[in-house]
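Structure, as structure tokens:
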Amino acid sequence: MTIDRTGAERLRGRIAVELARTRARTALLTEAVDDADLMRQHSPLMSPLVWDLAHVGNQEELWLVRDVGGRPPVRQDIDDLYDAFKQPRRDRPTLPLLPPDEARAYLTTVRDKVYDLLDRVAFTDRPLVADGFAFGMIVQHEQQHDETMLATHQLRAGPAVLHAPPPPEPRARVAGEVLVPAGEFTMGTDTDPWALDNERPAHRVELPAYVIDAAPVTNGAYRQFIADGGYDDPRWWSPAGWRHRGEAGLTAPMHWRRDGDGWAYRRFGRWSPVRDDEPVVHVCWYEAQAYAAWAGKRLPTEAEWEKAARWDPATGRSRRYPWGDDEPTSAHANLGQRHLWPAPVGAYPAGASPLGVHQLIGDVWEWTGTTFRGHPGFAAFPYREYSEVFFGDDYLVLRGGSFGTDQVACRGTFRNWDYPIRRQIFSGFRCARDASPEEAHR
Ligand SMILES: [Fe+2]
């Protein structure tokens, strides 16, 4: 259905706001360091920041200026340089990349054309423009690179350049587990206009009763696993995890070091003592899986995570977010790089799900026990490379977003995926287990 004139004007306004708000974050992340730092590769896992910058502009040019707008190319000559599939990350620093000034000028040229297009575009039934989808996709793409660039900042050596107030203190006591009763729920979405292909379609999933942690696993709990010799005991690790632990020399989460009797962590260039009541972050899937085994539990499946986050027992329907259908505010969740680390457990009582599961959205991405696949009835849109080429056994699903994720890119249906060895991302987890027969019939 083509939207009416008022609806179209409202949509234009919303897109303009999101484009500008997201670009301000991109600018902050790339203006916080000098040109040499922008061109440098801070880790073989990451691109130089200046690659992300021009890549964001190039995707915007390809999808909005050329495809939606049907306008002539701005810089067709650089398409290959900024194609993530043609250029592996490790090779990106050796490419003839646009220097920072040229990259910024390119982004401005593309953005001017996009604002011009936004003024005239008709939001017809064409799938790419219905509900402003391509604009929403490009906004979310830039936000995802903003999170990637934030992860690059965390890997960067040298003095701190990013600053933000600390997250809120706990406002509720949150501990223990929550029982989720057996039954069907709706997973995925057909209706969220900017939901990406891998979140679609909505479909019914039947789950037996299970129990899930009310909060993500904290640094304090994770320290007990370390102190108990968890890293040295093959009983807790999968064979692949045990092998990786040995090869990579894993002994603690990334960015931790011993500090007297305790631990310290480095966050964006500053060392401080590890705080016990924060969700643990920068652990790989193998570490999460080993911790869960040590705790006598397991990682939740992706469906279990989503049911805990969205299912409302009062109505039987699935919400957009744990707290309801309203967009996230600063009272609901730690999102959008407002803070530079996860909030302590209990900081967001207003963001809890109806069953009382806390901090599902924001703070840390949560590893699940599920490999990345299409939902039943999946159809690639607008291109196979968005998700479909990653389906299979290589990638594990992460859910819920982190403090570095923008709220627009963080619905209750949003899915992320990565290799089980990765931990430069803002990844944590919570545990789950099957309900006992007594619990299931309570
Ligand atoms: Fe990208």
Residues of the range 38-84 satisfying the condition of being farther than 22 Å from Asp112 by Cα, away from the ligand (no atom under 16 Å from the Cβ) and surrounded by 20 or more Cβ atoms within 10 Å (Cβ to Cβ): Leu38, His42
Residues within the range 94-114 that are part of a loop (DSSP other than H, G, I, E, B) and closer than 26 Å to Trp194 by Cα, tallied: 0
Test for Glu18: is it more than 14 Å from the ligand (Cβ to nearest atom) and farther than 17 Å from His153 by Cβ: yes
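Okay, residues lined up against (1) assigned to a helix (DSSP H, G or I); (2) of a type in the set (Ser, Thr, Tyr); (3) surrounded by fewer than 18 Cβ atoms within 10 Å (Cβ to Cβ):
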{"residue": "Lys86", "(1), (2), (3)": "no, no, yes"}
{"residue": "Arg92", "(1), (2), (3)": "yes, no, no"}
{"residue": "Asp116", "(1), (2), (3)": "yes, no, yes"}
{"residue": "Ile138", "(1), (2), (3)": "yes, no, no"}
{"residue": "His141", "(1), (2), (3)": "yes, no, no"}
{"residue": "Gly158", "(1), (2), (3)": "no, no, yes"}
Count of residues meeting criterion [assigned to a loop (DSSP other than H, G, I, E, B) and of a type in the set (Phe, Trp, Tyr)] in the range 343-368: 1
Filter result for Thr405 (crowded, with 24+ Cβ neighbours inside 10 Å and of a type in the set (Val, Ile, Thr)): yes
Matching residues, the range 300-310, being of a type in the set (A, V, I, L, M, F, W, C) and either closer than 19 Å to Pro349 by Cα or crowded, with 24+ Cβ neighbours inside 10 Å (or both): Trp305, Ala308, Ala309
Residue in the range 239-259 that is most open to solvent (accessible area, probe 1.4 Å), counting only those that are farther than 30 Å from Arg270 by Cβ and touching a helix residue (DSSP H, G or I) at 6+ places or on another chain (Cβ under 6 Å): Trp242
Residue list for the range 369-386, filter: more than 19 Å from Trp285 (Cβ to Cβ) and in a loop (DSSP other than H, G, I, E, B): Gly374, His375, Pro376, Gly377, Phe378, Ala379, Ala380, Phe381, Pro382, Tyr383
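The values are calculated or read from the model by the stated rules, or taken from the named source; none is laboratory data. Note that this is a predicted model, so its numbers are computed, not measured. Here Cβ is always computed from backbone atoms with ideal geometry, including for glycine, and neighbour counts include all displayed protein chains. In case anyone asks, the SASA skips ligands and DNA or RNA and just uses the protein heavy atoms, side chains included. Shrake-Rupley method; radii C 1.70, N 1.55, O 1.52, S 1.80 Å.
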